[in-house]
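Just so it is clear, none of the values below were taken in a lab; they were calculated from the coordinates. Because the structure is predicted, anything quoted here is derived from the model rather than measured. Here Cβ is always computed from backbone atoms with ideal geometry, including for glycine, and neighbour counts include all displayed protein chains.
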Amino acid sequence: MAFNRTTNDIEFDFDGKNLTKGETDGSSYPNGGLRATHTAGGYLAIDTSSPIFLRGDTIFIPSAFVSYYGAALDEKTPLLRSNAALSKHGKRLLAHLGLDIGDQEVISNIGLEQEFFLVPRDQYYRRPDLQMAGRTIIGKDAPRGQEMCDHYMAPPSLSSPALACMQEIQDECWRLGIPLKTRHREVAPNQYEFAPLFGLNTIQVDQNLMVMQIIEEVAVRHGLAALMQEKPFNDVNGSGKHNNWSIGTEDGIMLLHPAKVNKATGNDTAFAVIMSAIIAAVNEHGDLMRMAIASPGNDFRLGACEAPPAIVSTYLGEDITFYLSHFKDGKGEGEYIPKLKTLDLGTHEVLPFEVPAEDRNRTSPFPYGGARFEFRAVGSSQNVSMVNTVLNTIVAEKFAEFSDRVDAGEDIHDIARETLNEHWKVVFNGNNYDEEMQQELTDRGLWRIDSGVEAIATLTAEKNTALFQKMKVLTKEECESRQHILHDHYWGTVDIEAKCLVDMLNQHIIPSVKAAGVGPLSDLEAAVGTLKTAIAEIHAAEDSYKAAQLARVLRLETMIDIRAVCDAAEEVVPANLWTLATYKELMFLDQHTASTPETEPFFDE
């Protein structure tokens with residue numbers, strides 16, 4: 001835009017090249033040492049795989065963000081590189097299986113199930129921890145939680161603003177070309193979920209980031225606050241973002257659909273070969289899968305009867321397990337044909353109907369679900385680019401390994417059988433929540449990294465940097481920078497939480513206890529000093545890794561002990577003297593709110 005001094009008119013000179021490239025200050029973003037203020041250039045280039053869209057007066061252009069020297073400063077660039085690796089080596093493997101797809105690409109499709117909480121906004125303003133940290137750091141359990149199992153899948157109540165809020169979210173997203181086809185309540189009180197149609201991973205990641213923003217914005221208009229954090233409340237389920245991952249060709253041949261891939265390749269064992277490569281990838285690189293879901297919120301969620309434990313295995317179901325077991329042992333090479341089971345309820349009104357031969361295993365971190373794998377342990381607040389970068393890269397490496405060996409003269413069936421026998425231990429169809437089974441899996445030698453901080457540290461393990469460099473996804477320096485950023489994010493999150501707790505103790509909890517004349521006053525006063533000392537130790541740490549290690553101890557040990565003291569105080573202080581919003585006031589929209597003209601069910605005319 002320019003001002004014509006001769007005619008006094010405003011002139012618009014928008015050039016299309018402004019849509020394809022941009023430049024900004026790269027040093028002000030998390031960069032893990034890749035940039036500095038004196039070398040600050042950051043360059044944006046359009047990602048042509050993800051559509052441009054308009055919202056309000058703003059054009060949103062999905063872009064890669066790199067340094068002057070081409071180092072990835074973003075989440076998107078490694079994902080795009082991993083897509084290229086998966087396509088290159090997926091095409092090679094398909095050719096060896098009998099299918100030449102020519103100029104087509106092998107692509108990765110994902111579907112993301114977004115969980116979140118909605119709470120009354122007036123009560124949200126009475127919780128400094130929710131406002132600053134996204135979760136309740138203290139809070140006595142309400143008399144009721146999720147033990148009645150009456151919230152999951154129940155129809156949203158017209159007596160609360162939640163339904164109208166969710167309808168408006170769907171409408172806003174639809175206007176941007178994002179079809180949220182599923183909405184429902186989740187297990188915990190005030191917990192909900194949206195799920196879109198699946199699609200290309202770059203598009204789905206970009207759209208999911210916008211969905212999270214829209215959820216937060218629309219919630220405000222309905223007197224609500226949206227909580228995207230993985231574990232905002234104690235002793236009820238937290239929130240995840242199940243990442244349903246599949247691979248296929250551009251013209252729709254699904255490589256994880258046994259009938260379709262076998263038919264397309266003319267090879268009855270194509271599905272078995274592909275599955276053997278994926279099983280090997282999960283077994284070899286379970287540490288990277290664990291790293292990809294390591295976040296501060298997930299430390300409270302993994303293994304808590306709402307998400308799988310931090311032991312990486314895969315569920316196939318007895319039907320596929322039986323087939324692949326016979327295949328690996330040389331007992332048969334026929335095609336895998338999924339079985340069906342008929343349920344007869346013994347009534348005239350409901351006719352017999354068919355269901356899959358396999359049940360659903362919600363305890364597995366990476367179950368096969370028919371034409372896809374579901375990475376169930378992903379956290380609700382995450383950008384899932386790294387999750388899918390890892391899945392693409394580890395599978396691409398195995399596809400490349402298989403293809404290299406075939407090129408060298410080996411038989412592909414022999415390769416697949418050998419691979420399955422070597423990595424079979426990672427297949428587990430049992431109950432991952434059972435502690436005896438967890439010990440069995442640990443004894444098998446599966447990847448088990450309970451600490452998110454230590455999981456992040458595996459990103460720079462020699463085998464992992466070698467993998468990313470071999471697949472041309474991340475350089476060693478880019479791996480190091482990401483590890484640094486993730487550790488900074490971890491300890492930074494805990495730093496905020498601990499400072500919030502200090503303020504809440506000094507400004508709310510201790511004054512309430514003093515006013516009531518009851519409660520563990522001396523323990524609460526001592527807790528302030530304990531927290532300040534721990535915060536100072538974190539800030540004095542020699543590097544981000546050490547700071548994150550100290551922060552984890554503070555968060556999962558010290559702060560949990562202090563929480564118990566705070567909750568004991570809440571239990572005895574009279575309600576009229578307790579100044580923080582309670583779980584009872586935060587978690588039960590159906591019982592604490594009523595519809596107003598602004599929150600009637602939303603219908604677009």
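Here are the numbers:
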{"quantity": "Alpha-carbon centroid distance for the pair region 1-78 / region 162-218, whole angstrom", "calculated": "27"}
{"quantity": "Loop-resident sites, region 1-65, for chymotrypsin sites (Phe, Trp or Tyr not before Pro), counting at most 13 other Cβ within 10 Å (DSSP)", "calculated": "Phe12, Phe14"}
{"quantity": "Computed over the chain, Cα set: Rg, Dmax in Å", "calculated": "26.1, 87"}
{"quantity": "Signed unit charges on C-beta, dipole axis of the chain, positive-most listed residue Pro338, Phe428, Asn464", "calculated": "Asn464"}
{"quantity": "Size of charge dipole - the chain - debye, nearest 20, with Cβ of Lys, Arg +1 and Asp, Glu -1, no other charges", "calculated": "500"}
{"quantity": "Region 219-268 versus region 334-399: alpha-carbon centroid distance in Å", "calculated": "10"}
{"quantity": "Gyration tensor (alpha-carbon) shape descriptor, region 343-413, a/c threshold 1.5", "calculated": "oblate"}
{"quantity": "31 Å Cα-Cα threshold exceeded, pairs from Lys398/Lys546; Lys181/Lys398; Lys398/Lys476; Lys231/Lys328; Lys241/Lys584; Lys181/Lys341", "calculated": "Lys398/Lys546; Lys181/Lys398; Lys231/Lys328"}
{"quantity": "Sparsely packed GluC sites (Glu not before Pro) within region 270-378, loop by DSSP, other Cβ within 10 Å at most 12", "calculated": "Glu333, Glu349"}
{"quantity": "Cα centroid separation - region 548-574 against region 84-145, whole Å", "calculated": "29"}
{"quantity": "Whole-Hz couplings from phi, Karplus 6.51/-1.76/1.60, listed for region 109-118; x for Gly and Pro", "calculated": "9, 9, x, 10, 9, 9, 9, 6, 10, 10"}
{"quantity": "Helix-derived mean residue ellipticity, 222 nm - over the chain, DSSP H n ≥ 4, -39500 (n - 2.57), to 500", "calculated": "-13000 deg cm²/dmol"}
{"quantity": "Dipole magnitude of region 433-560, debye to nearest 20 (Cβ charges: Lys/Arg +1, Asp/Glu -1, about Cα centre)", "calculated": "380"}
{"quantity": "Neighbour cut-off at most 11 other Cβ (10 Å), DSSP loop, trypsin sites (Lys or Arg not before Pro), region 5-101", "calculated": "Arg5"}
